[in-house]
Amino acid sequence: MNTHLHNYTHTQQSRLADYCRTGDPPKIDGLTENRVHHYRRLIHGVIDDTLQSAFPLTCDLLSQEEWYGVVDAFLSNYKCQSTSIWKMPSEFYRFVEETGLEIKEKYIFLEDLLNFEWTEVEIYMMPDIAYPESKTDGGWLSEVIAVNPEYKILQLNYPVHLKNPKGITENDRGEYYVLLFREKESGKVRFMNLSVYFSWLIEKVEIENTPLIKILKEAAQVFGVNEKALFENTLPFLEELKANKFIPGFYI
Amino acid sequence: MERNKHVGIGFRKDFAEEFLEGKDLTPAFLEVAPENWMEIGGYWKKVFNKIAAQYPIYTHGLSLSIGTPDELDWDFLKKVKYFLNEHNVQIYSEHLSYSKCDNAHLYDLLPIPFRWDAVKHISQRIKSVQDFLERKIAIEIVSYYTPVAAEMSEVEFISSIVKEADCNLLLDVNNIYVNAFNHNYDSKEFIEKLPLDKVEYIHMAGHEQVAPDLIIDTHGEPIIDPVYELFEFTAHKLPKTVPVLLERDFNIPELNELQYELNRLENICTKAWDYEHSLA
Ligand SMILES: [Fe+2]
């Protein structure tokens, strides 16, 4: 479709865009040179503001110099694809994940922290997902449990959801699971630390559409625990999920 | 309080309650960027649905990047179309600039080279967008701080595109004031040369002077008197009444100050349009 635009014009446009991203002095015909920096400043400002509001913990953790360094590296090197700017922070997270940055050696849990902060934004904003039709009361073992479909479970190496990031060290390394979900009425995002068993259970319950009794049989094998003990351990957890509205009830 | 007749304002999340109550602010309509409201759910989707049921919604897009050398983003346009239809949106406007280049979004408005090949390229793109959306779009003359490889005048560039693409124009009166100041031309002469019969929508805003010879279009200050005067001049020149938007994105004042600006604009519209049109 690009039949009318000449290479010359395209090049001038590319140079201006490249300058805004990298700061390398532009060679553009007819440019007012002492003004063009405003474009780079404005773009940097928009990106920085958006990232600061999506990643308040990360921004607070990094020194100003470190923060600007990584934002600048992102702007220069990463080609943002999000047409809605609120989604752009997910690309920042991806950039940090895929790029060998020195800062990741200093903050070993940085990827986890960005993942956690982005997921909160994502779940808060994401399109509504229809809830299963459910009734409030039912039998935990014999009926199919309905869960709030607006959730995500993250697997993390560091407990960024449990501890102040400033206090996290290599000693905290482990296998952590966190459930993030959106409350239907308020739209607020809540999160809960999970054991590996509970994260497995939630996903089973949601995907398999079968009564808990069957899932517990499988769990007993997978985790090598007897069914009765498992149920006694699971029931308070399910009651808690119901109380904070992650479980609306049972399928009709 | 009764709603304004001609003058609307940009929807802001921090005033959502006030808009729903409709007491302290009485805009005729609300403007949103589709990109900020499409494909969302949860709390803000619920609020937006209520707002859209209560006010006419006009839109001002951010990411179409009509002036880019890149291909049109059809997937994005599909989502825009869905959003416009979902909320019965009457106006879809966009910036005559580019915000994406070589496959990277920049989230700001870069100036297009005023060149003939760009006129052809952009007009073709606008036509494709209009065909796809099954509606005309209104393109906004943006403020700019430096020309880029220009071979024609700004007014010739804009007029040629509007003519060739057969689209509408969003006349941001503050942008014209800012550009006239920054690039040393006469704002009234510029406006008179525009295809005023194509103006479908007007924007009004404040700005900030950052150097003796440079104004930045910040939308962070009240509208200044010379811009009100330029608006009055423009309103008398237009062949028809059009909606007018007060843009304020930063440094948000008390609601009564915004309402004062809405009313001041409304008075100018009433004088220019309601009176003249009742004579006609
Ligand atoms: Fe505008």
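Where only DSSP H runs of four or more residues are counted, chain A gives -16000 deg cm²/dmol as its mean residue ellipticity at 222 nm, each run worth -39500 (n - 2.57). The mean number of Cβ atoms from other chains found within 10 Å of a Cβ in peptide A:176-185 is 1, as a whole number.
The calculated pair-distance distribution of the protein assembly as shown uses every alpha carbon pair, bins of 20 angstrom beginning at 0, and gives 19, 47, 26, 7, 0 percent.
Couplings 3J(HN,Hα) of the range A:141-149, computed from phi: 7, 8, 10, 8, 7, 9, 10, 4, x Hz, in residue order, whole Hz [Karplus 6.51 cos²θ - 1.76 cosθ + 1.60, θ = phi - 60°; x for Gly and Pro].
The interface between chain B and chain A buries about 4400 Å² of solvent-accessible area in total (1.4 Å probe, ligands and nucleic acids excluded). Annotation: A:S142 carries an accessible surface of approximately 80 Å², with a 1.4 Å probe and no ligand, DNA or RNA atoms counted. Look at the stretch B:169-179: the mean tally of other chain Cβ atoms within 10 Å of its residues' Cβ atoms is 0. A straight Cα-to-Cα reach below 26 Å connects A:K104 with the lysines A:K79, A:K87, A:K152, A:K163, A:K166, residues fewer than 8 places away in its own chain not being considered. The mean number of Cβ atoms from other chains found within 10 Å of a Cβ in peptide A:31-41 is 5, as a whole number. For the range B:24-79 versus the range B:167-187, the spacing of their alpha-carbon centroids is 25 Å. Based on the Cβ-Cβ distance from A:F223 to A:K135, what FRET efficiency comes out when R0 is 22 Å, to the nearest 0.05? Given R0 = 22 Å and the Cβ-Cβ separation, E is 0.15. Each principal axis of the Cα cloud of the range B:20-68 was evaluated for its coordinate range; sorted largest first, these ranges are 42, 26, 15 Å. Charged side chains reduced to their Cβ positions (Lys and Arg at +1, Asp and Glu at -1) give the protein assembly as shown a dipole of some 1000 debye around its Cα centre.
Scaling against 2.2 N^0.38 Å puts the C-alpha radius of gyration of the range A:2-107 at 1.22. With all protein chains kept in place, the per residue accessible area of the protein assembly as shown amounts to 43 square angstrom at a probe of 1.4 angstrom.
Here the accessible area is traced with a 1.4 Å probe on the protein chains. For chain A, carbon and sulfur cover 49 percent of it.
For the range A:129-251, the percent of C-alpha pairs falling in each 10 Å distance bin, counted from 0 to the bin holding the largest distance, reads 12, 41, 33, 13, 2. What you get for the range B:1-82, charging only the Cβ of Lys and Arg (+1) and of Asp and Glu (-1), is a dipole of about 340 debye around the Cα centre. Using a 1.4 angstrom probe on heavy atoms only, work out the carbon and sulfur share of the accessible area of the range B:1-145 in %. Roughly 47 percent of what the probe reaches on the range B:1-145 is carbon or sulfur.
Its residues counted as N, chain A yields a C-alpha radius of gyration over 2.2 N^0.38 Å of 1.33. Proximity of backbone amide H atoms, modeled 1.01 Å from N, is registered between B:I91 and B:T59 at under 5 Å, excluding neighbours fewer than 5 places apart on the same chain.
Amide H contacts of B:E140 (H built 1.01 Å from N, in plane; Pro and chain starts excluded): B:E94, B:H95, B:L96, B:L170 sit under 5 Å, all sequence-distant by 5 or more or on other chains.
Taken about its Cα centre, chain B carries a charge dipole of about 880 debye when Lys and Arg each add +1 at the Cβ and Asp and Glu each add -1 at the Cβ.
Computed over the range A:2-107, relative contact order equals 23 percent, with contacts defined as Cα pairs under 8 Å that lie 6+ residues apart. Here is the size of chain B from its Cα atoms: Rg then Dmax, 18.2, 53 Å. For B:I268, the solvent-accessible surface computed with a 1.4 Å probe is close to 20 Å², ligands and nucleic acids excluded.
Label reach from B:K50 (point 7 Å along Cα→C-beta): in the range A:180-197, amide nitrogens under 16 Å belong to A:184-188.
The values are calculated or read from the model by the stated rules, or taken from the named source; none is laboratory data. Owing to the predicted nature of the structure, the values given are computational and were not obtained by experimental measurement. Glycine also receives a Cβ, built like all others from the backbone with ideal geometry; neighbour counts cover every protein chain displayed. Surface accessibility is based on the protein's heavy atoms, side chains included, excluding ligands, DNA and RNA. Shrake-Rupley method; radii C 1.70, N 1.55, O 1.52, S 1.80 Å.
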